Each structure stands twice: as structure tokens, then as C-alpha cells.
Amino acid sequence: MLKSELLESHNVFKYDEKIEKAVKEIEKLLKSSYNISKRSIALLLLQEDEEITALVKSRETSFPEISDIIKKTKMLFSEPLYYVITMQRQKKVDEIVSQVVRTRNNSKKLISNWLDKITVQPVTGIPILLMVLYFGLYKFVGEFGAGTLVDFIEGSIFENYISPWVNSAVKTYIPNEAIQELLAMDYGIITLGLRYAVAIILPIVGTFFLMFSIIEDSGYLPRLALLVDRVFKSIGLNGRAVIPMTLGFGCDTMATLVSRTLETPRERVIATLLLALAIPCSAQLGVILGMLSGMPAALAIWASFVALVFIFVGYLAAQVLPGEKPVFYMEIPPLRLPRIGNIIEKTVSRMQWYFLEIVPIFILASVLIWIGRMTGIFDAIIRLAEPVMMALGLPPETAEAFLFGFFRRDYGAAGLYDLKKTGVLNGVQMTVASVTLTLFVPCIAQFSVMLKERGVKTTLAIVAFVFPFAFLAGYMVNLILKTAGVVW
Amino acid sequence: MKCCHDGRKENIFSKFFKRIQDANSLQSYAKRKLVLVGTPNVGKSVIFNKLTGAYATVSNYPGTTVEVFRGTSRIGGELFEVIDTPGMYSLMPITEEERVTRTLLLNESPDIVLHVVDAKNIERMLSMTLQLKEAGFPIILVVNMMDEAERIGREIDLEKLSALIDVPVVGTSAALNRGMDRLRKKVAEYVKKRAA
Amino acid sequence: MNGEKNLTQLKIGEEASIARIDTTDGKILKKLMALGVLPGMRVSLLQKFPSYVIKVGNTRIAADETIARSIIVIKK
Ligand SMILES: Nc1nc2c(ncn2[C@@H]2O[C@H](COP(=O)(O)OP(=O)(O)O)[C@@H](O)[C@H]2O)c(=O)[nH]1
Ligand SMILES: [Mg+2]
């Protein structure tokens, strides 16, 4: 049998006469061959499916006649044809279901019913949400991933074995000092680029993706969405956007990509802006949490200020940006015990994406840093930025951290960490620097995805806003802390 | 975003590559194509995992950011490429995910389409089965989560259902590995019958 | 019409039949129909805050005020 013959299947459900008549007439006019049955094409045309209409229009010379049939058929009904056709089909389904489904009355409730309920009601749902965040994000990703695992891989394995070995090997075998620096030493491809990839990214992003996959597979995300929908509406998003936003705490670059699943362009722009501005990625978060962990007050100020900026800028964006207001609807699946297989598949595939798409950009960043340092361009930029740092009440050395922050969000944070260790930064300065760095431009990978996803104009507009805003915010934090007379 | 498996063979992250390449070479041997469709949360991915085992590749569908999983499975002595799609509620797409799923159905000419539905909610889902049949796709209806339907006291006469809609029907509880052998058998039978 | 209300006017726990979807936005209509929220189906309201949660058949659906208002029901 021919493939196209196979497509014209038999024993299909029949709609009412008026619809069937239109379908027959349209079918006759369809001369080209399609990958689905002509009957189906005709029905989709009647329901004004955009893609199919465009396809048929481009292929059939008789399209005007088809349009006529559609118009005439539409006039026979007071409701849209989409509605009419769906209702007729559903009636058939109900008829079938009534013949094959029986429900016994002694039905037991699903065990998860109780959990189901308490996760969606605000009184219990919000404490549960905070617990999920605390244990999932703070304890597991922050303390275990960014703390224990990073300390082990970076502190024990790299610092004690790999880096010294690479450095001495490079020194012995490569005479050229510039090439030595490209490969090894403080900013080399292996000792910085690769070390960061394996020692910091792998544990932090890995634990985050693992946790995210568990939460996703359990069916918790739609509950999160319904809990935050009202708040998100005030920043121009709907509850669904909680998915890319949460993912942003893992990797803002991936989250920017995922924001494509939001329905309206307006929501995508707002999400992209907020991800670029106020959502720190896990690598950055790990370093900042580590740096501020000894000072709960600084940590609290940093967190609440960034959260405030998130709401404030989102609110402004929602007021300013034109476009349709978002609506929210979502199916709430029952909570289920996550499946190991599903979790592994999701985690591994995300890690795979991260290593294939993001890590190469970071290796490239090491090369760019090397070029910048070799040519003296960096020194020039740093000198230019120093007065800005001073205006924020920060020592000039922080300029370097900010510059590196563009290449990788966490390079910047790590730079601050080093300054803290050497005692250059006091508590206030550290708070100001952390706030500014968190808000400051997205990393190079996120920037390139923004360009690809949102276009040059939007991206430049976002960056043109974020850049001065971050410094202004830092300036204000400094001013507030100073006037309040805070000294750490 | 570029797809992930061409060119960069000398990459250091060879572990990931090995996984991808093994799967890729298998996929190119596969003669037949099986596509899983259905609304979100009905168990498509669990079925995909059970069918394909360890080797799966994930890539963004060309020109989109929607993830599509591909793997291979040997069913009835033949090698199948198995494709897991994001959720789809009807043949008329509204969201990006649905658009991708339909495009995939249209472009990949599947040898078999498994429409996976939730036994607790078939009244909401059979409508798409009728649409898929109407479109001429070679479908098998997989009524999954039979265990949960049972627990709420629901009994479904699958044979009668199959007769009424003229589509092969299999009941499964994929997460508990129930009915998976029957599903494989049905797939093999169906493909043989169509080839004849 | 007699006895018609929109979903937001039901009490929590109350059950009714969907009479029609009242919306000028074709997209909302399509979304709801695709989710299986169709005239003739029984619906019950499970909660109103922070979002509306309804049960149709064995499915629970969360929706915002706009959507909930567009679902017109009659008590039977
Ligand atoms: N009880 C039960 N749970 C299942 C069954 N099949 C899948 N699940 C669970 O349902 C959830 C959704 O499954 P998944 O495969 O991710 O659905 P998908 O969205 O269609 O890919 C997961 O938590 C699965 O473990 C089943 O037959 N019985
Ligand atoms: Mg899935």
C-alpha cells in the first residue's frame, strides 16, 4: 500500500452533516499531498489552524474556493467551528466512555490526597514552599554542593594535585611565558577554565539540576506556580514563569532559553530582564553565600535588597511594557514519588547540555581574559572603572572582580571572595559589592543567549538598563548603610 | 541553539559524547520510528525509559528550545527509534511545545504512534485519539496508570474500547512495569500487519 | 439567565455543571476546551486563594480570576 493511501484511514468518527459536507468539498479541492489525511487537513482548516492554513494557502491554487467553503460553513453556526467540532467529538467520547468505564463505589482515596491539599493552600503551602527552598536549595545545593563537594574537588583534588602538577608540567615543557599563562597559572584554560568547570560548576550545577529534576518529577512545580501566580501577575508574569525563574537559580543561561515557553513576547522580555538583573545563578550564589555566611546580617541585607529589586523592577516593567496581560491556567497533577529513572534522565540531559553548550563558552572566556591581560586592555578598563568603585565606597581592587564578573558570574564573586580573604574588604563593602555584582550584567553565555533569543535591540536595551542600575543600587546600599552608621 | 552531536569529536568531555555517539549510531540503524504522544504527566517518559533503557539523547527540536528525547529499542526483533515528545492536548496546537509535537508528527512519518493516556482521565483524552486516527496516524492507544484507576475504583473494558474506536488498545502501569511486555507485543504485531 | 453564575461565585466545595465559556478571547476558549473544560461537564470548586482550583472529572486545574470568571455554570 502507498503511504498516502495508508493515511486515508477508515472507520473514523463522523461529525454532523453540515461539517461533513464542508469536509468533503474541501477534501476534493486539496490536490497536493500532505503528511496527514486530507480529512484532517480539512477539519483543521475549518477550525482556522494558522500553520495548516498557511501551508495549504502556499500549496493549493484553489485556496480562495476553500476559503469560501469555510466562510459559508462558519455562518451555519452561532459558535466558532473549533467549539462545534470539539463538542461533537466530545459527545462521541462521552458515549464511548459510558459504555466502557464503570466506577465501583467502594473507591479508596489516593494516599497522596492529603499531601496534595496541604501543598496548594496558602496557610500550609507557603511554609512547605519555604521548607523546599531551604532544604533543597540552601542545604543541598548551597551547603552540600557548593560547600562540601566543591571543597573536596577543588580544595583537595585540584589545589593539591592537579593544579600544581599542570603548572609545573607547563613550566617545564613550554618555554613561552605567554603560552604558559594561557594554559595554566592563575587564569589559564586548564587551571581556571577547566578547574572551574569541573570543580565548581559540576558539583553546584549538578546538585541543582538533580534537586530541580526531583521537584519537577514529583509534580510540585504546578503547585508552586499556583501559589505565586498573584505575586507574579504584579510583575507582569503569570505563575508558569516560576519554572524559568527557579531554573535561573541554577543557570540563568538555561533559564533564559526556557523562558521561550512563556506565551507572550511581553512575558518573555520581562523574564529575560529579571533573569539578567536579579536572579543569581547557582555558581554565583554558591560563592556569595560562602562569602557572607559568617555575617548573617549582611546576608539578610543582600537577600532582601535583591528580592526588593526583583519585585520593584518587575513591577515597573509591567507598567511600562505594552502587550496583552498574561492569563494563568494549569493542570495540577497528583503528587507522586519521583522515579529514579526519570530523575537521572532529566539531570543527565541538562548536565550534558550545560557541558556542551556552556562550558565551551567559558573556555573561550579564559582565552579572552588571557588576551585582555596580555594586551593591557584589561588594565585600561580596570583603571577606568576604579573611580566608579570608589564612588560606591569600595576599594579600587574590586574593579577587577567586576570585570571578570562579566565573563562568568562566579569569577566575579570568587574575586570578591579572594579580596575578603586578604582582608581588603570590610563587611559593609562586601555587602555593597555583593549586591552590585549580583545585579550587574549577565555572564557572557547568558548574554549570547539573550542576543539569540530576544534579538539585539531588546538585549542592548536590557543591558543599558541593568548596567547603570546595578551601580546605582550599590551606591544606595552603601549610602543607607553609611547613614545608618553600620560598621562591620 | 545548535544541536549537540556534530563535529566536536575531540572534546574532553568524552563520556558524554560516547553516550551520545553510541545512541546516535544505533538510531541511524533503526529502521522504524515510534513516537510517544499525549498530555503532560500521563507517563510518556516512564514508558520511553522502559522501552529504551540507558541510551537516550536529548536535543532541542530544530529551531526551538523544546526538548525531544530519542532512544532506541528492540521490539519483536526490529530496531526502533523511539521519540518522547513534550505534552500535547489536541492536534490543534496552542503552546510552543504542542506546535513542536505536531511538527514532529508531521515531519518524521512515524511507523507507529503511541497515544499515552491516563486511565483516570480517559474521558478528557480520547478526543485526541479520535483526532490522531482521523489524521491517519498508525496509532496504538496506551491506557496507562491502570493501578491508580483501580485504586479509585474505576474499571475499564479495554477490549470493548478497542472495538468501539477501532484502534488497538493496551492497558499499562508503566511505573510498576506492568503491561510493558503486552505493549511490545502489540507494537510488533501492528507493525507486521501494516507492512503486509 | 436563571441560575447561571460564574465560577468565582460558587462556594468552596460546591458542585455545578458548566453551561458555557463566556469569553471574547478565542485563545482562552481553546485552552479550556483542550484541557477538557467543556460545557456539560460537572465541575467543583476546591479553593479560591491564592488561585482558583477546580476539579473536572478526575483532573484538577488551577486558574486565575480572568479564567474562572469566564466559566459559566448552572447549579443542578
Ligand atoms: N502510579 C503510577 N504512576 C505513574 C505511572 N506511569 C507514570 N507514573 C508517574 O507519573 C508521573 C509523570 O510521568 P512522566 O513519565 O514524567 O509523564 P510525561 O509527562 O507524560 O512524560 C511520574 O511521577 C511517574 O512516575 C503508572 O503507570 N502508575
Ligand atoms: Mg515527559
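Of the residues examined, B:GLY136 is not one that is away from chain C (no Cβ under 14 Å), at pLDDT below 90 and more than 16 Å from ligand 2 (Cβ to nearest atom). Answer yes or no as to whether A:GLU331 is away from ligand 1 (no atom under 16 Å from the Cβ), among the charged types (D, E, K, R) and either touching a His at 6+ places or on another chain (Cβ under 6 Å) or modelled with pLDDT of 85 or more (or both). So A:GLU331 does not fit the description; no. Are any of the residues in region A:296-314 among the hydroxyl-bearing types (Ser, Thr, Tyr) and touching a helix residue (DSSP H, G or I) at 6+ places or on another chain (Cβ under 9 Å)? The answer is no, given that none of the residues of region A:296-314 is among the hydroxyl-bearing types (Ser, Thr, Tyr) and touching a helix residue (DSSP H, G or I) at 6+ places or on another chain (Cβ under 9 Å).
Take the conditions modelled with pLDDT under 90, assigned to a helix (DSSP H, G or I) and surrounded by 12 or more Cβ atoms within 10 Å (Cβ to Cβ) and apply them to A:THR124. Does it pass? No, not satisfied.
Just for strands (runs of 3 or more DSSP E) wholly inside chain C: which have at least 3 residues that are out of contact with any Phe, Trp or Tyr (no Cβ under 9 Å at 6 or more places or on another chain)? Hits in chain C: C:4-6, C:15-21, C:42-47, C:52-56, C:71-74. The set of residues in region A:250-271 being surrounded by fewer than 24 Cβ atoms within 10 Å (Cβ to Cβ) and away from chain B (no Cβ under 14 Å) consists of A:ARG266, A:VAL269. Can we say C:GLY13 is away from chain B (no Cβ under 14 Å) and of a type in the set (Gly, Ala, Ser)? Yes, satisfied. With respect to the conditions (1) without any contact (Cβ under 8 Å) to a residue 12 or more places away in the chain; (2) surrounded by 21 or more Cβ atoms within 10 Å (Cβ to Cβ), C:LYS27 lacks only one, and its number is (2). Checked against the criterion of being within 12 Å of another protein chain (Cβ to nearest Cβ) and without any contact (Cβ under 8 Å) to a residue 24 or more places away in the chain, region A:64-79 has at least one qualifying residue. Of all residues in region B:86-99, exactly one satisfies the criterion of being surrounded by 24 or more Cβ atoms within 10 Å (Cβ to Cβ) and within 14 Å of B:SER45 (Cα to Cα), namely B:MET88.
Could you tell me how many of the residues in region A:351-363 are more than 16 Å from A:GLN446 (Cβ to Cβ) and either of a type outside the set (A, V, I, L, M, F, W, C) or at the interface with another protein chain (Cβ under 7 Å from one of its Cβ atoms) (or both)? Summing the residues that are more than 16 Å from A:GLN446 (Cβ to Cβ) and either of a type outside the set (A, V, I, L, M, F, W, C) or at the interface with another protein chain (Cβ under 7 Å from one of its Cβ atoms) (or both) in region A:351-363 gives 3. The conditions of being closer than 30 Å to A:TRP114 by Cβ and assigned by TED's automatic domain parsing to the domain that holds A:LEU237 are not met by A:GLY415.
Kindly indicate whether any position in region A:382-403 is without any contact (Cβ under 8 Å) to a residue 60 or more places away in the chain, among the hydroxyl-bearing types (Ser, Thr, Tyr), part of a helix (DSSP H, G or I) and farther than 15 Å from A:GLN284 by Cα. Checked against the condition, which is being without any contact (Cβ under 8 Å) to a residue 60 or more places away in the chain, among the hydroxyl-bearing types (Ser, Thr, Tyr), part of a helix (DSSP H, G or I) and farther than 15 Å from A:GLN284 by Cα, region A:382-403 yields at least one hit. Within region A:402-418, the set of residues being surrounded by fewer than 24 Cβ atoms within 10 Å (Cβ to Cβ) and within 15 Å of A:ALA470 (Cα to Cα) comprises A:LEU403, A:PHE406.
All told, A:LEU384 meets the bar of being more than 20 Å from A:LEU192 (Cβ to Cβ) and assigned by TED's automatic domain parsing to the domain that holds A:ILE200.
Each residue in region A:178-235 was checked for being β-branched (Val, Ile, Thr), modelled with pLDDT of 90 or more and either part of a helix (DSSP H, G or I) or over 28 Å from A:GLY314 (Cβ atoms) (or both), and 5 of them qualify.
Of the listed requirements (1) part of a helix (DSSP H, G or I); (2) more than 16 Å from ligand 1 (Cβ to nearest atom); (3) over 30 Å from A:LEU479 (Cβ atoms), A:PRO322 misses just one: (1). Looking at A:LEU285, A:LEU274, A:LEU247, A:LEU292, just one residue is within 29 Å of A:PHE144 (Cβ to Cβ), surrounded by fewer than 24 Cβ atoms within 10 Å (Cβ to Cβ) and in contact with a Phe, Trp or Tyr (Cβ under 8 Å, 6 or more places away or on another chain), and that residue is A:LEU292. The residues on offer are B:VAL187, B:VAL142, and the sole one that is outside any helix (DSSP H, G or I) and in contact (Cβ under 8 Å) with a residue 24 or more places away in the chain is B:VAL142.
Conditions (1) within 14 Å of chain C (Cβ to nearest Cβ); (2) away from ligand 1 (no atom under 13 Å from the Cβ); (3) under 14 Å from the mean Cα position of the chain (by Cα); (4) modelled with pLDDT of 90 or more, marked per residue:
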{"position": "B:ASN24", "(1), (2), (3), (4)": "no, yes, no, no"}
{"position": "B:LYS44", "(1), (2), (3), (4)": "no, no, yes, yes"}
{"position": "B:TYR61", "(1), (2), (3), (4)": "no, yes, no, no"}
{"position": "B:THR72", "(1), (2), (3), (4)": "no, yes, yes, yes"}
{"position": "B:MET92", "(1), (2), (3), (4)": "yes, yes, no, yes"}
{"position": "B:GLU97", "(1), (2), (3), (4)": "yes, no, no, no"}
{"position": "B:LYS120", "(1), (2), (3), (4)": "yes, no, no, yes"}
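Among the residues of region A:434-447, those identified as within 14 Å of the chain's Cα centre (by Cα) and not in a loop (DSSP other than H, G, I, E, B) are A:ALA445, A:GLN446, A:PHE447.
All of (1) within 20 Å of A:TYR220 (Cβ to Cβ); (2) modelled with pLDDT of 90 or more; (3) within 14 Å of chain B (Cβ to nearest Cβ) hold for A:ARG102 with one exception: (1).
(1) free of Cβ contacts under 8 Å to residues at least 24 places away in the same chain; (2) within 10 Å of ligand 1 (Cβ to nearest atom): which one isn't true of B:GLU159, the others all being true? Condition (2) is where B:GLU159 drops out.
Yes/no matrix, rows are residues, columns are (1) small (Gly, Ala, Ser); (2) more than 25 Å from A:GLU263 (Cα to Cα):
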{"residue": "C:ASP25", "(1), (2)": "no, no"}
{"residue": "C:MET33", "(1), (2)": "no, no"}
{"residue": "C:GLY36", "(1), (2)": "yes, no"}
{"residue": "C:PRO39", "(1), (2)": "no, yes"}
{"residue": "C:SER44", "(1), (2)": "yes, yes"}
{"residue": "C:SER51", "(1), (2)": "yes, no"}
{"residue": "C:ALA62", "(1), (2)": "yes, no"}
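Within region A:164-174, identify whether any single residue is within 33 Å of the chain's Cα centre (by Cα) and of a type outside the set (Gly, Ala, Ser), and answer yes or no. No: region A:164-174 contains no residue that is within 33 Å of the chain's Cα centre (by Cα) and of a type outside the set (Gly, Ala, Ser). Contact annotation: residue pairs with Cβ atoms under 6 Å, 6 or more positions apart or on different chains, pairing a residue in region A:45-61 that is more than 13 Å from chain B (Cβ to nearest Cβ) and closer than 16 Å to A:SER32 by Cβ with a partner that is part of a loop (DSSP other than H, G, I, E, B) and not basic (Lys, Arg), are A:ARG59/A:SER32. Within region A:419-437, the set of residues being surrounded by fewer than 24 Cβ atoms within 10 Å (Cβ to Cβ) and either without any contact (Cβ under 8 Å) to a residue 12 or more places away in the chain or touching a Pro at 6+ places or on another chain (Cβ under 9 Å) (or both) comprises A:LEU419, A:LYS421, A:THR422, A:GLY423, A:VAL424, A:GLN429. Among the conditions (1) more than 14 Å from chain C (Cβ to nearest Cβ); (2) away from ligand 2 (no atom under 16 Å from the Cβ); (3) at pLDDT 95 or above, B:LEU79 misses just one, which is (3). Could you grab me the full set of residues in region B:99-118 that are assigned to a strand (DSSP E or B) and within 14 Å of chain C (Cβ to nearest Cβ)? If the condition is that a residue be assigned to a strand (DSSP E or B) and within 14 Å of chain C (Cβ to nearest Cβ), then B:VAL117, B:ASP118 are the ones that fit.
The values are calculated or read from the model by the stated rules, or taken from the named source; none is laboratory data. This structure is a prediction, so every number in the text was calculated from the model and none was measured. With ideal geometry, Cβ positions are generated from the backbone for all residues, glycine too; neighbour counts draw on all protein chains shown.
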